[in-house]
Amino acid sequence: MSETPIIRINKLHRSYPMGDEVIHALNGIDLEIRRNEYVAIMGPSGSGKTTLMNIIGCLDSPNSGEYLLNNQSVSKLRDNQLARIRNAEIGFVFQTFNLLNRTSALQNVELPLIYKGVSRKERHERAKGILDAVGLGSRMKHRPSEMSGGQRQRVAIARALITEPSILLADEPTGNLDSATGREIMGIFDKLHSDGQTIILVTHEADIAAHAKGEVHLRDGSIANDTRPTISQEVPAQ
Amino acid sequence: MLLLEMFRIAGQSIRANFFRAFLTMLGIIIGVAAVITMVALGSGAQQAINDQIDSLGGSILSVRAGQMFSRGIASSDSSISVSDADALARDVYSVTAVVPELSVRKQIKLGSANRSLSIVGTTPNFADVSDYPLLYGRLFSPGENAAKKRVAVLGGGVPAVFEKDPAMLIGQSLNIEGTSFEIIGILEEKGSIGFSNRDDYIWTPLATAQYRIAGSDKIDSISVQIAPNVPIETAMIDVERILRREHQIMPGAKNDFSLSDRKQFLNIQQEAAKIFSYLLAGIAGISLIVGGIGIMNIMLVTVTERTREIGIRKALGATRTNIMTQFLIEAMSLCIAGGTIGIILGGSASALLANLAGWQTPVSVEAITMAFFFSAGVGLFFGIWPARKAAKLDPIEALHYE
Ligand SMILES: Nc1ncnc2c1ncn2[C@@H]1O[C@H](COP(=O)(O)OP(=O)(O)OP(=O)(O)O)[C@@H](O)[C@H]1O
Ligand SMILES: [Mg+2]
């Protein structure tokens, strides 16, 4: 029954030199994420959540340790190869949306497909389909500046999903939204999860984390607590 | 395919900041326009001098009176005479024609207008040797020379000096210090050669000029036409030898005349024009480089302004090469667009200037292709550093750039 996990992380370290000192943002993380998991990563500010997400998302590389994505080691890949993995396997949703303000919602959503080399026509069709799915079918020509925060985050989610990534990474996706809008966005994540999408979510808020099917708590760069049922059953005290 | 997208992105970003892009392009526009104009002007000037050299036909040596020294005192008397001309015609085998000239500047009256012009007494073959075709009328004959007839042939520019219609002047008379001359012919205009504009001369038979105007039997120059197949240096030696013999100059003593090759003078001018046009093109080239620095400057600003955009693109899967290409295309588009406008502008400017100067200088295809690729090259050269800077940005830092 043990299908190989999408993500397998072993003894991951990431540190930043700060003057004379060294800050250990990640201090020996072991983590596995399986297909269709829906995990919330929690922890106090500075505990290393964003650092971990950046490494999982191939935006950053660890100082030491192993990171296998879909059974492929990515911890030692070069810049251009990482870019290709980000394009094909990862979908990012950021707290601050990170949309291109000069272009329309449709063009924003198409962006990852440009770097994938998908034809213009197919890009349009796929982007339209996804924008429809997140409820923005009527706003495709609008620019981000003409949209509400919730609408912008929907555009960002559509953009993250367009390449059909293995994992969706969301770093405090509701952090810049009011609670009602936040709940709407979480509704979309819940729906995506029920359609089979693997999701990793960073949040401070317990009620947002409650949408996920398990929580991983970080403290000072280490995993303090892992409440996911399957992992604790399958991996009894190593 | 991906490249096409890069062009689209570059186009979008230029349009988003159109005025700034235009100002930046202005440097390239001016630089390219200047290069094209200067190159066209330079080759136009050279072409004009070339045409003059060609129009001179066979080589012509010019013998002029040098200063004559008698007991240490310089005399102003001319040292060459008609007999020198006869000797040259008789004894130098490489000579095909000899044209003695006596030139005096006088006040000329035609109708009610008074002008100071050069009157040149010469033999009828002058027009043939210097290749001055007749526009109207006829040249004077040897008989008219012998009879010291008061007849005059006007240079092509003279009617304009007196603001007269050349066709109406034949048969009319002009007045040289109280003596009236009949106008029997008008030459075609040729344009100036060297310092003197021979179009503004009035030509009369040599004997007439000597006895009726100058009051002297001297002449002040002899034009010697050399057979086309004879090297000019050989002819010069022959001419010098005969003249020294005629003037009875002792071996080792200095010539009392000077010898020069009219083409030599034009060749010097030609060299000067060439150097001048290189200089102009060089200065124009510098302005193009300054334009390129402007492009680099604005591209650096653009990269900084768009750091966050670069971070986003990288997070979504843009490789370094993608980012690099995008910004390089943007810089090169600016340069090529500027270059194209500059070519059009420079082409029109040089066409206009060539028209004003009366030169036949269409802007060459080579100059245009060169300017085009040079401006693309400037874009590549000055765009590469900002583009590299963009490509090397760390995606995480770029995403957090405010
Ligand atoms: N680029 C960097 N240079 C130096 N130190 C860094 C850098 N990025 C992160 N850190 C440090 O690493 C530690 C972990 O940071 P990280 O951003 O992962 O925390 P976080 O859990 O996401 O916090 P928050 O909840 O506030 O977002 C912090 O102490 C932080 O100061
Ligand atoms: Mg964080």
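The values are calculated or read from the model by the stated rules, or taken from the named source; none is laboratory data. Computed from a predicted structure; not experimentally measured. Every residue, glycine as well, gets a Cβ built from its backbone with ideal geometry; the counts of neighbours run over all protein chains shown. What goes into the accessible areas is simple: the full protein's heavy atoms, side chains included, and nothing from ligands, DNA or RNA. Shrake-Rupley method; radii C 1.70, N 1.55, O 1.52, S 1.80 Å.
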Open item on the list: For a quick check, take a GNM of chain A with Cα springs below 10 Å and name the residue from A:Thr198, A:Thr51, A:Thr227 with the largest mean-square fluctuation.
Closed with: A:Thr227
- [ ] Determine the per residue accessible area of segment B:151-310 with all protein chains present and a 1.4 angstrom probe, expressed in square angstrom.
- [x] 47 Å²
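Tell me whether segment A:103-238 comes out rounded, prolate or oblate; compute the Cα gyration tensor, take square roots of the eigenvalues as a ≥ b ≥ c, and use a/c under 1.5 as the rounded threshold.
Values: a/c = 2.52, a/b = 1.74, b/c = 1.45.
Judged from the Cα gyration tensor, segment A:103-238 comes out prolate (a/c at least 1.5, a/b above b/c).
Can you give the alpha-carbon Rg of the protein assembly as shown over 2.2 N^0.38 Å, where N counts its residues?
On the way: Rg = 44.8 Å, N = 640, 2.2 N^0.38 = 25.6 Å.
In units of the 2.2 N^0.38 Å rule of thumb, it is 1.75.
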TODO: Provide a whole-number value for the mean count of partner chain Cβ atoms within 10 Å of the Cβ atoms in peptide A:70-81.
DONE: 1
- [ ] Would you work out if segment B:113-189 is rounded, prolate or oblate? Take a ≥ b ≥ c from the square roots of the eigenvalues of the alpha-carbon gyration tensor; rounded if a/c is under 1.5, else prolate when a/b is larger than b/c, oblate otherwise.
- [x] oblate
- [ ] Would you mind working out the magnitude of the charge dipole of the protein assembly as shown relative to its Cα centre, with +1 at each Lys and Arg C-beta and -1 at each Asp and Glu C-beta, to the nearest 20 Debye?
- [x] 500 debye
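Could you compute how fast chain A diffuses translationally, taking Rh as the Kirkwood radius over C-alpha pairs and applying Stokes-Einstein at 4 °C with viscosity 1.567 mPa s? Give it in µm² per second.
Working: Rh = 18.4 Å.
In µm²/s, the coefficient rounds to 70.
Per DSSP H run of at least 4 residues, take -39500 (n - 2.57); add these up for chain B, divide by its residues and hand me the 222 nm value, nearest 500 deg cm²/dmol. Don't skip to the end; give the middle numbers.
Values: 12 runs with 215 residues, N = 402.
After summing the helix terms and dividing by the residues of chain B, the value is -18000 deg cm²/dmol.
What does the helix-only formula give at 222 nm for chain A: each DSSP H stretch with n ≥ 4 adding -39500 (n - 2.57), the total divided by the residues, and the result rounded to the nearest 500 deg cm²/dmol? Let's see the in-between values first.
On the way: 8 runs with 84 residues, N = 238.
Helix-only estimate at 222 nm: -10500 deg cm²/dmol.
How many percent of the accessible area of chain A is carbon or sulfur, using a 1.4 Å probe? Intermediate results must be reported in sequence, preceding the final value.
Working: 5070 of 10910 Å².
After summing per-atom areas, the C and S share lands at 46 percent.
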TODO: May I ask which residue of B:Ser258, B:Tyr136, B:Ala152 lies farthest towards the positive end of the charge dipole of segment B:60-261, with charges of +1 (Lys, Arg) and -1 (Asp, Glu) on Cβ and the Cα centre as origin?
DONE: B:Ala152
Task: Within a Gaussian network of chain B (alpha carbon springs, distance under 10 Å), most fluctuating of B:Ser223, B:Ser79, B:Ser375 - done: B:Ser79
Task: P(r) histogram, all alpha-carbon pairs of segment B:60-261 included - 5 Å bins from 0, percent - done: 1, 7, 15, 19, 18, 15, 11, 7, 4, 1, 0, 0
TODO: Assign unit charges at the C-beta atoms only (+1 for Lys and Arg, -1 for Asp and Glu), then state the dipole size of segment B:60-261 relative to its Cα centre in Debye, rounded to the nearest 20.
DONE: 580 debye
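Counting only other chains, and only Cβ atoms inside 10 Å, what mean value do you get across the residues of B:137-143? Write out the running numbers ahead of the final one.
Working: counts 0, 0, 0, 0, 0, 0, 0.
Mean shielding count: 0.
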Task: Dipole-positive endmost among A:Leu52, A:Pro112, A:Thr4 within chain A (Cβ charges, Cα centre) - done: A:Pro112
Task: Peptide B:317-324, shielding by other chains (average Cβ, 10 Å cutoff) - done: 6
TODO: List the relative contact order of segment B:277-402 as a percent without decimals, with contacts defined as Cα pairs under 8 Å and 6+ residues apart.
DONE: 49 percent
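Rounded, prolate or oblate: which fits segment B:157-307 when a ≥ b ≥ c are the square roots of the eigenvalues of the alpha-carbon gyration tensor, with rounded for a/c under 1.5 and prolate only if a/b beats b/c? Write down the numbers at each step before the final one.
Working: a/c = 4.25, a/b = 1.78, b/c = 2.39.
Cα axes put segment B:157-307 in the oblate bin.
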TODO: Can you spot the lysines whose alpha carbon is less than 24 Å from A:Lys141's alpha carbon? Ignore those fewer than 8 places along the same chain.
DONE: A:Lys116, A:Lys121, A:Lys128, B:Lys314
Open item on the list: How many angstrom lie between the Cα centre of segment B:245-319 and the Cα centre of segment B:384-402?
Closed with: 37 Å
Task: Average Cα contact separation per residue, segment B:60-261, under 8 Å, 6 or more apart, as relative contact order % - done: 35 percent
TODO: Calculate the dipole size of segment B:218-274 relative to its Cα centre from +1 charges on Lys and Arg beta carbons and -1 charges on Asp and Glu beta carbons; express the result in debye to the nearest 20.
DONE: 40 debye
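Roll a 1.4 angstrom probe over the protein heavy atoms and tell me the percent of accessible area of chain B that is carbon or sulfur. Please report the intermediate quantities before stating the final value.
On the way: 11590 of 19330 Å².
So the carbon and sulfur contribution to the accessible surface is 60 percent.
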TODO: Place +1 on the Cβ of every Lys and Arg and -1 on the Cβ of every Asp and Glu in chain B, take the dipole about the Cα centre, and give the residue among B:Ile14, B:Ile310, B:Gln225 whose Cα lies farthest towards its positive end.
DONE: B:Ile310
- [ ] Mind grabbing the interface size between B and A? I mean buried accessible area, both sides, 1.4 Å probe, in Å² to the nearest hundred.
- [x] 2300 Å²
Task: Anchor B:Lys263: lysines whose Cα lies under 29 Å away (excluding residues fewer than 8 positions away in-chain) - done: B:Lys106, B:Lys190, B:Lys218, B:Lys254, B:Lys274
- [ ] Could you check which residue among B:Pro251, B:Pro386, B:Pro166 shows the biggest mean-square fluctuation in a GNM of chain B with a 10 Å Cα cutoff?
- [x] B:Pro251
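Just want to confirm a number: the relative contact order over chain A, from Cα pairs under 8 angstrom separated by 6+ residues, in percent.
Values: 448 pairs, mean separation 65.8, N = 238.
Here the relative contact order equals 28 percent.
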